[in-house]
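A short write-up of the structure that comes next.
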Amino acid sequence: MPAAEIEKVVVEEWCAILETPDHHLDDEFFALGGNSLMAVEFVANVERRLGFAFPFEALFVEGTLGSVIEACRGADAEAS
């Protein structure tokens, strides 16, 4: 899958779950009001749309939008 498509999907789901029209790569999921239930929904939506297992550590360890995008790109490469 093209890297730009992965980024588009992650950003769309990030903004939808956090109810924000704006995003920055250094935004942190939990600092923006995300919680564990929202994280589960975010992960499920990204997995459904991208078709590969979500790299949980990207969200729960580093937690930034940029780290999630990069980890998803890596997960896609591994799944291919």
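A few notes on this one:
- Residues of the range 10-42 that turn out to be in contact with a Lys or Arg (Cβ under 8 Å, 6 or more places away or on another chain) and either aromatic (F, W, Y) or more than 19 Å from F52 (Cα to Cα) (or both), as a count: 0
- Qualifying residue in the range 42-57 (condition: among the aromatic types (F, W, Y) and surrounded by fewer than 19 Cβ atoms within 10 Å (Cβ to Cβ)): yes
- Extreme residue, farthest from E19 (Cα to Cα), among residues of the range 30-50 that are part of a loop (DSSP other than H, G, I, E, B) and without any contact (Cβ under 8 Å) to a residue 24 or more places away in the chain: N35
- For the range 60-71, the condition holds for at least one residue, the condition being that it is surrounded by 15 or more Cβ atoms within 10 Å (Cβ to Cβ), free of Cβ contacts under 8 Å to residues at least 60 places away in the same chain and assigned to a loop (DSSP other than H, G, I, E, B).
- When the range 1-29 is filtered for residues that are in a loop (DSSP other than H, G, I, E, B), among the aliphatic types (A, V, I, L, M) and farther than 17 Å from A79 by Cα, only L25 remains.
Read-outs: derived from the displayed coordinates by stated rules, not from any lab. Bear in mind the structure is a predicted one, so any value in this text is a computation, not a measurement. Positions of Cβ are backbone-derived with ideal geometry, glycine not excepted, and every protein chain shown enters the neighbour counts.
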